[in-house]
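Read the structure below first, then the notes.
Values in this text are rule-based calculations from the coordinates and carry no lab data. Values in this document were obtained by computation on a predicted structure and should not be read as measured data. In this analysis, Cβ positions are derived from the backbone assuming ideal geometry, glycine residues included, and neighbour counts consider all displayed protein chains.
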Amino acid sequence: MSYVDETIQMLKEKYSAQPEFIQATTEVLESIRPVIEAKEDEYKRDALLERLVEPDRQIIFRVPWIDRNGNAHVNTGYRVQFNNSIGPYKGGLRLHPSVNISIIKFLGFEQIFKNSLTGLPIGGAKGGSDFDPKGKTDREIMSFCKNFMLELYKYIGADTDVPAGDIGTGAREIGYMFGAYKRIRRTHEGVLTGKGLAYGGSLARTEATGYGLLYLTQEMLKCNGIDISGKTVLVSGSGNVAIYAIEKAQQLGAKVVTCSDSNGWVYDPDGIDLAALKEIKEVNRQRLTEYKKYRPDSEYHEGRGVWSVKADIALPCATQNELRIEDAKALVANGITAVAEGANMPTTAEAVKYLQSNGVLLAPAKAANAGGVATSALEMSQNSERLNWTFEKVDSKLKDIMVSIFHNMSDAAEKYGMGKNYVAGANIAGFEKVLDAMVEQGIC
Ligand code: NDP
């Protein structure tokens with residue numbers, strides 16, 4: 001059995017209760033196979049793959065907090081510091097009831113390669129909690145965030161590990177966590193990114209993941225002879241990534257006709273009204289059912305269904321495994337040209353294979369949504385310099401990074417004879433740099 005297959009089998013046996021982690025590691029290991037096979041004996045002797053798939057450390061802790069009636073609750077907090085070969089650990093904090101160790105490990109593992117692809121010196125990590133911010137008051141969120149940081153602060157620092165936002169963790173939560181960190185540590189340092197502009201945040205960080213997704217998509221289409229202007233686009237989600245993906249798609253002349261939340265989805269044939277969407281989600285924190293009040297000609301549907309609409313480009317921007325095989329079949333039947341992943345691992349393995357084998361251009365998450373973490377790294381640079389860059393400067397660096405990520409993954413796919421398999425290209429390009437760093441820094 002090859003070294004790659006042995007490692008996948010070991011993971012399946014050892015972590016059988018962690019399906020998302022197995023899915024993510026298997027996908028990466030399968031695609032870096034040609035790189036490993038070139039020096040199989042050496043890498044096996046040095047346990048390179050075992051070292052790659054086992055996090056440096058996993059921190060799991062209790063987070064007590066007090067609700068509006070004075071009752072105490074307890075959630076579980078996580079920080080998985082996966083690999084810091086190329087820089088301090090970096091990765092978001094997810095607050096969602098579905099969070100468990102499998103999800104945090106899958107996200108942390110993916111983050112290693114994504115961060116490497118940005119070309120910036122950042123390692124891979126992820127964290128969060130099964131706390132559900134939905135329906136909570138500001139004071140409840142504050143109580144949770146302060147108590148979360150009361151434990152997390154021991155393990156993070158501007159040159160050690162710099163967490164950021166993710167699902168359920170936006171500027172409000174980062175603010176409360178930063179406030180708690182400062183009170184404990186008595187130091188104003190760039191320990192978190194996604195901070196408010198008044199206390200060390202970066203312009204364009206809010207927009208970065210969605211904008212970056214579109215910069216990369218535009219470059220991928222351009223290199224395949226397609227102009228994004230005039231194309232019809234499907235977006236899922238209506239959170240941070242989705243909203244700014246819609247904004248940039250519209251700026252580039254495309255028409256976005258859908259968005260969704262965890263209850264249902266909207267179809268607006270005239271194009272999503274972004275101002276209405278921002279008011280519903282960013283200002284009022286309401287459900288998408290409200291959208292029809294702003295746009296009476298739009299349709300609201302309960303449940304899933306975004307991918308059943310005919311379009312040229314699909315941008316899944318909600319959550320993992322939201323684009324399944326039946327969705328991929330519907331997209332292909334409707335003549336989809338490209339899928340670019342704004343969310344992390346939104347497309348199931350089966351759906352990825354189906355889309356690729358039907359000639360759909362597929363930009364994987366670790367490349368396509370790397371704009372968020374790349375801009376977080378730019379926030380770290382500004383904090384170190386104690387300077388603030390203009391929106392234009394950050395946005396222009398973001399665009400350059402996304403264009404270069406596309407070419408890195410495209411070149412890697414070509415180098416290993418994989419044509420337009422950008423999934424493999426991104427994994428290989430991200431892996432090669434981490435591999436060099438791990439080898440050069442010794443085994444133990
Ligand atoms: P938000 O919390 O801002 O938004 C998430 C959106 O997805 C909401 O519309 C939410 O609906 C929906 N959603 C969440 N879970 C589900 C579910 N199980 N089924 C259907 N819809 C769901 O998160 P972000 O926009 O920040 O993140 C979205 C994705 O992008 C995640 O995969 C995240 O890891 C990834 N990402 C985010 C980055 C960032 O900078 N923010 C950077 C890189 C990746 P509802 O409001 O009803 O819960």
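What does the C-alpha gyration tensor say about the overall shape of segment 381-444? Classify as rounded when a/c is under 1.5, otherwise prolate if a/b is larger than b/c, or oblate. Can you show the working numbers first?
Details: a/c = 4.86, a/b = 1.37, b/c = 3.55.
Oblate, since a/c reaches 1.5 and b/c is not below a/b.
For the chain, what class follows from the C-alpha gyration tensor (a ≥ b ≥ c being the square roots of its eigenvalues): rounded when a/c is under 1.5, otherwise prolate if a/b is larger than b/c, else oblate?
Values: a/c = 1.44, a/b = 1.02, b/c = 1.41.
Judged from the Cα gyration tensor, the chain comes out rounded (a/c under 1.5).
Which residues' amide hydrogens lie under 5 Å from the amide hydrogen of residue 56, considering only partners 5 or more residues apart or on another chain, with H built in the peptide plane?
82, 83
May I ask which of 134/278; 136/281; 195/292; 353/433; 90/366; 293/329 have a Cα-Cα span longer than 21 Å here? Each step should come with its number before you reach the end.
On the way: 134/278 17 Å; 136/281 15 Å; 195/292 33 Å; 353/433 26 Å; 90/366 14 Å; 293/329 33 Å.
Those over the limit are 195/292; 353/433; 293/329.
Modelling each spin label as a point 7 Å along the Cα-to-Cβ direction, I'd like the residue 12/residue 132 distance in nm, to one decimal.
The answer from the label model is 3.4 nm.
Based on alpha-carbon centroids, what's the gap between segment 369-389 and segment 1-71 in Å, whole number please?
28
What ranking of 45, 304 emerges when the number of other C-beta atoms within 10 Å of each C-beta is taken as an exposure proxy, fewest first? Present the calculation step by step, with values, prior to reporting the outcome.
On the way: 45 10, 304 17.
With the sparsest Cβ surroundings first, the list reads 45, 304.
Report, in deg cm²/dmol and to the nearest 500, the calculated mean residue ellipticity at 222 nm for the chain, where each DSSP H run with n ≥ 4 adds -39500 (n - 2.57) and the sum is divided by the residue count. Write down the numbers at each step before the final one.
Working: 18 runs with 210 residues, N = 444.
Helix contribution divided over all residues of the chain: -14500 deg cm²/dmol.
Plugging the Kirkwood radius over Cα pairs into Stokes-Einstein for segment 55-189, at a temperature of 37 °C and a viscosity of 0.692 mPa s, what D comes out in µm²/s? Please list the in-between numbers first.
Values: Rh = 14.8 Å.
Reported coefficient: 221 µm²/s.
Suppose each label sits 7 Å from its Cα in the direction of the beta carbon; what would the residue 46-residue 393 distance come out to in nanometres?
Each label point lies 7 Å from its Cα, and together they span 3.8 nm.
So, in nm, how far is label residue 443 from label residue 183 when the simple model puts each one 7 Å beyond its Cα toward the Cβ?
4.8
In units of 2.2 N^0.38 Å, what is the alpha-carbon radius of gyration of segment 305-444?
Its radius of gyration relative to the 2.2 N^0.38 Å reference: 1.21.
Can you tell me the order of 168-177, 252-261 when each peptide is scored by its average per-residue count of other Cβ atoms within 10 angstrom, highest first? Write out the running numbers ahead of the final one.
Working: 168-177: 20.7, 252-261: 22.2.
Descending packing order for the listed peptides: 252-261, 168-177.
Could you give the alpha-carbon Rg of segment 1-56 over 2.2 N^0.38 Å, rounded to two decimals?
Compared with the compact-globule rule of thumb, segment 1-56 sits at 1.07.
Once a ≥ b ≥ c are taken as the square roots of the eigenvalues of the Cα gyration tensor of segment 281-334, is the result rounded (a/c under 1.5), prolate (a/b larger than b/c) or oblate (a/b not larger than b/c)? Mind showing how you got there, number by number?
Values: a/c = 2.52, a/b = 1.68, b/c = 1.49.
Cα axes put segment 281-334 in the prolate bin.
Starting from the eigenvalues of the Cα gyration tensor, five times each then square-rooted, give me the equivalent ellipsoid semi-axes of segment 208-368, largest first, whole Å.
Numbers: eigenvalues 106, 56, 41 Å².
In descending order the semi-axes read 23, 17, 14 Å.
Per-residue counts of other Cβ atoms within 10 Å, averaged by peptide: what ranking do you get for 318-330, 68-80, highest first?
Working: 318-330: 20.1, 68-80: 15.3.
Highest to lowest by the protection proxy: 318-330, 68-80.
Neighbouring Cβ atoms within 10 Å as the yardstick, rank 345, 1, 409 fewest first. Don't jump to the answer; show the numbers that get you there.
Working: 345 25, 1 8, 409 28.
Arranged by neighbour count, lowest to highest, 345, 1, 409 become 1, 345, 409.
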